[in-house]
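The values are calculated or read from the model by the stated rules, or taken from the named source; none is laboratory data. Because the structure is predicted, anything quoted here is derived from the model rather than measured. Using ideal geometry, Cβ is built from the backbone for each residue, glycine included, and neighbour counts are taken over all protein chains shown. SASA here: full protein model, heavy atoms, side chains in, ligands and nucleic acids out. Shrake-Rupley method; radii C 1.70, N 1.55, O 1.52, S 1.80 Å.
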Amino acid sequence: MKKLLILGAGIYQVPLIKKARSMGLYTIAASYAGSYPGLSIAHEVWNVDTRDYRRLISLSREAGIDGICTSGTDVAILSLGAVCESLSLCGLSLPCAKTVTDKAAMKEAFKHGGVSTPHFRRVSTLEETLDAFHALGAPVIVKAVDNSGSRGITRADSEEEVLAAWKAAVKVTRKDYVLVEEFITAHEIGVDGFIADGSIQFMLPLDKFTLTAGGTTLPEGHHFPFHCSEVLYCEILRQMELVIRATGLDNCAVNADVLVSGSKAWILEAGGRAGATCIPELISCHCGFDYYEQMILHAMAIRPILLPKQKHPAWQNCCSVRDREP
């Protein structure tokens with residue numbers, strides 16, 4: 001029985017574990033011990049921090065895994081890249097994993113690659129943060145560079161708010177720097193897709209239902225398709241192609257946050273994994289293929305078939321997924 005290592009055992013990894021089991025694979029879940037739902041359904045559990053790539057490489061080599069996969073989290077991406085590189089498995093490269101899990105490195109790659117993105121500064125002190133605030137102009141977004149789920153990300157409109165935002169970012173980061181980013185007033189959407197052997201299999205914009213909390217925007221729901229002009233649609237795809245070249249994203253799912261206004265698109269950030277909050281389920285509903293199954297096949301070095309079969313409208317709110325008839 002072939003073995004698939006799944007990094008994480010939370011709600012975003014449970015569908016991967018269930019699907020892999022239904023495909024006849026031996027499932028190994030790597031996760032901290034705790035009340036994570038995937039721990040009780042995997043064949044085997046490794047009680048290990050998914051950021052501990054050295055330990056995961058050792059365990060993976062000893063177990064002789066055939067593939068490695070995750071979904072919905074950036075935390076384990078560096079380890080996924082390290083294991084893929086060390087064991088010659090199918091997945092994103094380690095250099096790419098390093099780039100897309102550090103928002104400052106990612107933004108610098110965007111800049112060098114000609115990607116349209118809000119202006120930014122990498123800062124290491126409060127003084128540098130205030131200088132960036134004045135240089136970029138109020139308001140700004142202060143971000144921890146190594147977290148996901150909007151942790152350590154705060155909007156700041158004044159020097160007092162910059163101080164609070166800087167403290168919030170420093171508190172949750174493991175780096176000695178944070179990011180200060182220009183705030184652009186525009187509509188935020190998402191883009192999800194998949195790349196295999198340098199070829200884009202699909203790339204789809206999706207609209208978001210959002211709410212604001214703590215000075216930052218949080219996703220409340222999503223829906224396909226995103227209705228826009230052909231000019232804007234082409235610009236979104238053009239920018240995503242630039243992102244892929246700039247970061248080296250390959251052999252992985254792609255999830256991006258994008259601002260749009262008129263015919264203009266700005267890429268906020270991009271990750272080398274499928275989106276969270278039921279986006280894979282939405283893609284499956286919208287496109288007519290099982291996205292989890294195709295991600296697993298790719299991880300097992302079987303070329304996925306990701307050609308949309310139907311493109312039905314689909315939406316979800318609070319992780320409740322439904323098809324909506326045209």
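Answer yes or no as to whether Val162 is at negative phi and not in a helix (DSSP H, G or I). Answer is no for this residue. Just the residues that are open to solvent by less than 10 Å² (accessible area, probe 1.4 Å) and touching a Phe, Trp or Tyr at 6+ places or on another chain (Cβ under 9 Å), please, taken from the stretch 9-18. Answer for the stretch 9-18, where residues must be open to solvent by less than 10 Å² (accessible area, probe 1.4 Å) and touching a Phe, Trp or Tyr at 6+ places or on another chain (Cβ under 9 Å): Ala9, Leu16. Just one of the numbered conditions (1) part of a strand (DSSP E or B); (2) modelled with pLDDT of 90 or more; (3) not polar (S, T, N, Q) is not true of Leu211: (2).
Against the criterion of being of a type outside the set (S, T, N, Q) and at positive phi, Gly248 qualifies. The residue that is surrounded by the most Cβ atoms within 10 Å (Cβ to Cβ), counting only those in the stretch 139-178 that are hydrophobic (A, V, I, L, M, F, W, C) and within 23 Å of Ile236 (Cβ to Cβ), is Ile153. Against the test of being closer than 30 Å to His119 by Cα, of a type in the set (Lys, Arg) and modelled with pLDDT of 95 or more, the options Lys18, Lys103 yield a single qualifying residue, Lys103. Only one entry of Arg51, Arg55, Arg61, Arg21 meets the criterion of being assigned to a loop (DSSP other than H, G, I, E, B), open to solvent by 30 Å² or more (accessible area, probe 1.4 Å) and among the basic types (Lys, Arg), and that entry is Arg51. When the residues of the stretch 227-286 are filtered to those that are among the acidic types (Asp, Glu) and over 24 Å from Glu182 (Cβ atoms), which remaining residue is most open to solvent (accessible area, probe 1.4 Å)? Selected residue: Glu230. Considering (1) surrounded by fewer than 16 Cβ atoms within 10 Å (Cβ to Cβ); (2) aliphatic (A, V, I, L, M); (3) more than 21 Å from Trp266 (Cα to Cα), the lone condition that Ala135 does not fulfil carries the number (3). When each of Gly72, Gly91, Gly81 is tested for being outside any helix (DSSP H, G or I), crowded, with 22+ Cβ neighbours inside 10 Å and in contact with a Lys or Arg (Cβ under 9 Å, 6 or more places away or on another chain), the lone residue that passes is Gly72.
Does Val170 satisfy being of a type in the set (Val, Ile, Thr) and over 18 Å from the mean Cα position of the chain (by Cα)? Considered against the rule, which asks whether it is of a type in the set (Val, Ile, Thr) and over 18 Å from the mean Cα position of the chain (by Cα), Val170 comes out as yes. Taking Asp192 as the residue in question, decide whether it is among the acidic types (Asp, Glu), modelled with pLDDT of 95 or more, closer than 20 Å to Lys103 by Cα and outside any helix (DSSP H, G or I). Answer is yes for this residue.
Could you tell me how many of the residues in the stretch 287-326 are open to solvent by less than 20 Å² (accessible area, probe 1.4 Å), at pLDDT 95 or above and in a loop (DSSP other than H, G, I, E, B)? Residues meeting the conditions: 0.
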